[in-house]
Amino acid sequence: MRKEFDITLNDSQGTKTIPIEPKDFDFDCYSDYECKLLERNKKFVQSKEGILVYRRFRAEGVFYGGCRDMKTSLESQLGALKESMKYKADVANFLEPWYGIGYIASAFGGKYTWNGDSSPSTEPMFNSFDEALSSDTIPLSRSPLGKHILEMIEYFLDKTKGKVPISFSDIQAPLNMMSYLFNMADMFMQMYDSPEKFKQVANMLTDLLIEFLKEQEKLIGSCLAKPGHGFASSREFTGVGLSNDNSLMISQDDFNTLVMPFDEKIGDEFGGTVYHSCGNWGRLIDVVKKYRNVVTVDGAFGVQTDPIPNDPEEFGKHFCNSGIILNARVVGDSEEVIEQFRKIYKTKMKLIAVTYCKTPEEQEKAYDLIHQLRYC
């Protein structure tokens, strides 16, 4: 196994699977499998400490060009669900109606740009916060991209007979969403020059997102697995997973005053705030822990997972005895996995160990070693 980040891969956390048509998928079998794990999930949520192991299956193609066709996306994800049952874990995998990350632009009349097999992108629409504030918007649920996502959810529910957990479509934090409307350099300059107008735009995006998520929540109903996307997700978990990668580019003070209030506002509506950033976000730990409603945080550990991974010992020290769940992702074989989790795990910690072991045998070995950490 390589001990470096593999730049030749489209998705370092992806897994090749064989697509399955809905008519050929055993939904009752998967439903029984999920039900057996839900009690562990519930007990973990109610406890002050503990460990769960999750073998994440990101079906190849779904999180780039493969999202364009909902039939293809569903069949790839069903293939992943079937394969996942061979791997020893405490949390079931789920379906995601993923359709890119820039759908907020559709509320302002923006469209996706498709480039080959890449995931869809957006072009900057506004030169200033004033332009965005004075523009006409429509609810995301009535916009072309938003309507497609809702139709995708309905398609998934129809074809799976409501027997499989489904998450929200990928959720970007307001700061991230702004980067799909503005040139990034201009956005940050205006943030510092006009912080009050930044707040107005962030609040507008927050309200648009909340309305859209409520539409998704209403459709998905009892099948909803939270917090969604890159997090271990379950019908027994809570919170809303917010991708906040752009927060790496601002200070703790600006995060506290310009970012946190809007993330908290979204979290209040869906059972708590759940924070994610790629890369090393260790310098933001103290401020992230101060979200008034934080439930879970996510981080990448080990160089095979992220070219600039987090420090496992630092995160273990800061999140033990905090009551905050650490969703920790580690790509690699069982040796790499346990090396990272030995550094992360501390007593009185709530840890979800996310693995990507290549074979069921490697996964079982990693699973057993991770759970033994509580008794070392």
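The values are calculated or read from the model by the stated rules, or taken from the named source; none is laboratory data. All figures in this text were calculated on a predicted structure; none of them were measured in a lab. Note that each Cβ is placed from the backbone with ideal geometry, even for glycine, and that neighbours are counted across all protein chains shown.
Within region 93-106, can you find the residues that are under 15 Å from E123 (Cβ atoms) and among the hydrophobic types (A, V, I, L, M, F, W, C)? If the condition is that a residue be under 15 Å from E123 (Cβ atoms) and among the hydrophobic types (A, V, I, L, M, F, W, C), then I101, I104, A105 are the ones that fit.
Among the residues of region 94-118, those identified as of a type in the set (V, I, T) and either in a loop (DSSP other than H, G, I, E, B) or surrounded by 21 or more Cβ atoms within 10 Å (Cβ to Cβ) (or both) are I101, I104. On the stretch given as region 232-247, residues that are assigned to a loop (DSSP other than H, G, I, E, B) and within 15 Å of I266 (Cβ to Cβ) total 3.
Could you go through region 21-42 and let me know if any residue there is of a type in the set (S, T, Y) and either over 18 Å from P165 (Cβ atoms) or in contact with a strand residue (DSSP E or B) (Cβ under 8 Å, 6 or more places away or on another chain) (or both). Among the residues of region 21-42, not one is of a type in the set (S, T, Y) and either over 18 Å from P165 (Cβ atoms) or in contact with a strand residue (DSSP E or B) (Cβ under 8 Å, 6 or more places away or on another chain) (or both), which makes the answer no. Say we look at region 234-270 and pick out the residues that are among the hydroxyl-bearing types (S, T, Y) and crowded, with 24+ Cβ neighbours inside 10 Å; which of these is farthest from F44 (Cα to Cα)? Out of the qualifying residues, it is S247. Exactly one residue out of F212, F198, F231 is more than 20 Å from the chain's Cα centre (by Cα), buried (at least 21 other Cβ atoms within 10 Å of the Cβ) and not β-branched (V, I, T): that is F198.
Counting just the residues of region 215-228 that are among the aliphatic types (A, V, I, L, M) and in a helix (DSSP H, G or I), which one comes out surrounded by the fewest Cβ atoms within 10 Å (Cβ to Cβ)?
L219
Scanning region 45-65 for residues that are part of a loop (DSSP other than H, G, I, E, B) and among the small types (G, A, S), we see that the one that is surrounded by the most Cβ atoms within 10 Å (Cβ to Cβ) is G61. Take A92 and tell me if it is of a type outside the set (F, W, Y), modelled with pLDDT of 95 or more and touching a Leu at 6+ places or on another chain (Cβ under 7 Å). Answer is yes for this residue.
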